[in-house]
Structures are given as structure tokens and as C-alpha cells.
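Written below as C-alpha cells is the structure these notes are about.
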């Protein structure tokens, strides 16, 4: 039942702009799935749903995007791995010790 409910949730948020968990509960009920707000909250967390801006003041649920790291991100990761010997931090400062 849980997997089916989560599949339905993913279908709903790809088809409609769902802004609240209560809207999601209403859509689930319309599709014959009765559930509680706590269950929906757990499903949102397990599915790693994100809220993305929809306009000026509203947000909607969406599926997490699997983004490939850009070439510059890959290069930065490689440079960090190859050159940073040690790092430390204190409050809002980060200290990187690198190879000469």
C-alpha cells in the first residue's frame, strides 16, 4: 500500500501544482487513497520532495532533480582532492592547507 500511495503522490505532483500537504491529501482522497497528514509528511520526506517557486509568493512540490555535476564542479572536486592537505573551520572562516 505504501509504495502504491507514493507512486500516486509522484503522479499527482507531476500532473498538478500542489502547494500544501492538505491539497495532496485531497487529491489522494479523490483517487481513492485515504491517509493522514502524518503519513503524507513521512511520504514527502521519504520521496525527498522539494518545494520550488511557482510565482511571486507560492511554492509547489516537485520531485528532486538528479543533476549531473558540471565540468567546473568536477574540476573543482578533483583540484580539492589533489591539492588540499588539511582543512579546519572556526565560526564563519574556513582554513585550507594546500600543497606548495
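Readers should treat all values here as calculations from the given coordinates under stated rules, not as data from a laboratory. Bear in mind that the values here come from a model prediction, so they are computed numbers and not experimental data. Cβ: placed from backbone, ideal geometry, glycine included. Neighbour counts: every protein chain shown.
Based on the mean of other Cβ atoms within 10 Å per residue, sort peptides 40-46, 56-62, 78-84 so the most packed one is first.
Working: 40-46: 14.6, 56-62: 13.0, 78-84: 10.6.
The packing order, highest mean first, is 40-46, 56-62, 78-84.
How would you classify the range 11-50 from its alpha-carbon gyration tensor, with a ≥ b ≥ c the square roots of the eigenvalues: rounded for a/c under 1.5, else prolate if a/b is greater than b/c, otherwise oblate? Working shown, then result.
On the way: a/c = 1.68, a/b = 1.08, b/c = 1.55.
Oblate, since a/c reaches 1.5 and b/c is not below a/b.
Cα atoms only: what Rg and Dmax, in Å, come out for the range 45-85?
16.4, 45
Nearest 10 degrees is fine. How inclined is helix 71-83 to the longest principal axis of the chain, computing both from alpha carbons?
Roughly 50 degrees, rounded to the nearest 10.
Treating the angle as unsigned and between 0 and 90°, give the value, to the nearest 10°, between the Cα long axis of helix 37-46 and the longest Cα principal axis of the chain.
Tilt of helix 37-46: around 40 degrees.
In the P(r) worked out for the chain, what percent of Cα pairs fall beyond 17 Å?
Percentage above 17 Å: 64.
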